[in-house]
1. Step by step: first the residues of segment 124-158, then only those that are crowded, with 18+ Cβ neighbours inside 10 Å and among the hydrophobic types (A, V, I, L, M, F, W, C), then the one that is modelled with the lowest pLDDT. Which residue is that?
2. Do you know which of the residues in segment 30-57 that are exposed (fewer than 13 other Cβ atoms within 10 Å of the Cβ), over 30 Å from Leu145 (Cα atoms) and of a type outside the set (Gly, Ala, Ser) is farthest from the chain's Cα centre (by Cα)?
3. Identify the single condition in (1) modelled with pLDDT of 90 or more; (2) within 26 Å of Met46 (Cα to Cα); (3) β-branched (Val, Ile, Thr); (4) within 32 Å of the chain's Cα centre (by Cα) that Val60 does not satisfy, given that it satisfies every other one.
4. Restrict the check to segment 102-112 and report whether at least one residue is among the β-branched types (Val, Ile, Thr) and more than 30 Å from Leu34 (Cβ to Cβ).
5. So the check is Cβ under 6 Å with 6+ separation or different chains; which pairs have a first residue in segment 1-29 that's farther than 13 Å from Ser149 by Cβ and a second one that's in a helix (DSSP H, G or I) and modelled with pLDDT of 90 or more?
6. Answer yes or no as to whether Thr121 is among the β-branched types (Val, Ile, Thr), at pLDDT below 90 and within 30 Å of Glu79 (Cα to Cα).
7. Can you tell me which of Asn47, Asn115 is of a type in the set (S, T, N, Q) and in a helix (DSSP H, G or I)?
Amino acid sequence: MDAYTTNNSVNSPKELHAVRKLGIIFTVIGILLLVPPVLLIALHKMNDSRLDAQTISTSVTIHEEIDAENDTLYKPTYEFKVNDKTYICESSISSSIRPDEGNVAIYYNSANPNNCASDYTRTGVKFLYFFFIIPVVFIIVGIVLIVTSTKRLKNSSSSDGTTASQQPPTIPPSSGTDLSQGYDLS
């Protein structure tokens, strides 16, 4: 068994620095994993803010496809009318949840009705929030490792008031009377 498993602590400054580096790595990975869901949610929110009008679809077509795990995914396409002109609003996501075949609310940009979204798409985007869990765990673990290792490094260096680099050299016992043989005592 190693020292960590027998007494559950990391004691040497070298080990504490390694733990702090691991904490930094965990924090950076967590931040990097956080970028994609944040960007996707921001893009969807930006697009939703441009959708300033609403109507009800006139028909629904549900496309089905089988994914790699042999699950059925559904992707609805809605037709809707604006000023007697028909537009198509295709869902930007596929889901294993079958959408209602009835007519639904369609949100669109009044200046460009081709820019649209349905409640199905808007609700499906909410699953992106689940992708925050893993990055947040990485960040929390990283911060805990950094903080605890830093505190332990400070405690170990302040317990005797000196750091390892400030401690005087240890002189082994010698049989001679000249203690300065081969040692730099400055």
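The values are calculated or read from the model by the stated rules, or taken from the named source; none is laboratory data. The structure displayed is predicted, hence computed values, not measured ones. No Cβ is skipped: glycine too gets one built from the backbone with ideal geometry, and neighbour counts run over all protein chains shown.
1. Of the residues in segment 124-158, the ones crowded, with 18+ Cβ neighbours inside 10 Å are 124-125, 135, 138-139, 142, 145-146, 149, 152.
Okay, now just the ones that are also among the hydrophobic types (A, V, I, L, M, F, W, C), so 125, 138-139, 145-146.
Values: Val125: 67, Phe138: 95, Ile139: 95, Leu145: 94, Ile146: 94.
It comes out as Val125.
2. If we take residues in segment 30-57 being exposed (fewer than 13 other Cβ atoms within 10 Å of the Cβ), over 30 Å from Leu145 (Cα atoms) and of a type outside the set (Gly, Ala, Ser), then Ile56 is farthest from the chain's Cα centre (by Cα).
3. (4)
4. yes
5. Taking only residues 6 or more apart or on different chains, the pairs are Ile29/Phe138.
6. yes
7. Asn47
One line per residue, one yes/no per condition, for (1) modelled with pLDDT under 85; (2) closer than 22 Å to Gly142 by Cα; (3) not in a helix (DSSP H, G or I):
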site	(1), (2), (3)
Met1	yes, no, yes
Thr5	yes, yes, no
Glu15	no, yes, no
Ile29	no, yes, no
Leu33	no, yes, no
Leu40	yes, no, no
Leu43	yes, no, no
Thr77	no, no, yes
Lys81	no, no, yes
